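Below is one structure; the comments refer to it alone.
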Amino acid sequence: MPTGIYTVLLLIVANVFMTLAWYGHLKLQAMGTFTDKTPLIVVILLSWGIALVEYCLQVPANRIGFEGNGGPFNLMQLKVIQEVITLIIFILFSMIAFRMQLRWNHMVAAVLLVLAVYFVFGFK
């Protein structure tokens, strides 16, 4: 598998775990698994456990994909790829888990992200 594709796939899976770590506890609270009385330390430790998986994927993805290590992407490209993936995963998560509706301003933001990718990759 080409290094660039492998990097992006690792970033996608890492960002799924990141989104679950950051926002999954809110869904668990909405479902009644956690209550207002659940100690914050329990929520933090659960999130840290999930985030550990994210880091175990994110760090190798950046190492593999970085041009300084033989990968195809420079530092700026890696960051923009990661941000675009993060927002796409977050939008999907919020639509599925919280039934949020996609609005016109979200679409404008998506277009701006595509432009960001174009500007980062389009000029050398």
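What follows draws every value from the coordinates through simple rules; no lab data is involved. Predicted, not measured: the structure shown is a model, and the values here were computed from it. Using ideal geometry, Cβ is built from the backbone for each residue, glycine included, and neighbour counts are taken over all protein chains shown.
Points to keep in mind about this one:
- Max mean-square fluctuation residue, GNM over the chain, Cα-Cα springs under 10 Å, options 72, 39, 60: 39
- Neighbour count of at most 13 Cβ within 10 Å plus DSSP loop: longest chymotrypsin sites (Phe, Trp or Tyr not before Pro)-free window in the chain: 1-97
- Distance between region 83-124 and region 15-69 - C-alpha centres, whole angstrom: 20
- Placing unit charges on the Cβ atoms only, positive for Lys and Arg and negative for Asp and Glu, gives the chain a dipole magnitude near 160 debye about its Cα centre.
- Here is the list for region 9-81: trypsin sites (Lys or Arg not before Pro) lying in DSSP coil, each with at most 14 other C-beta atoms within 10 angstrom of its C-beta, are 37.
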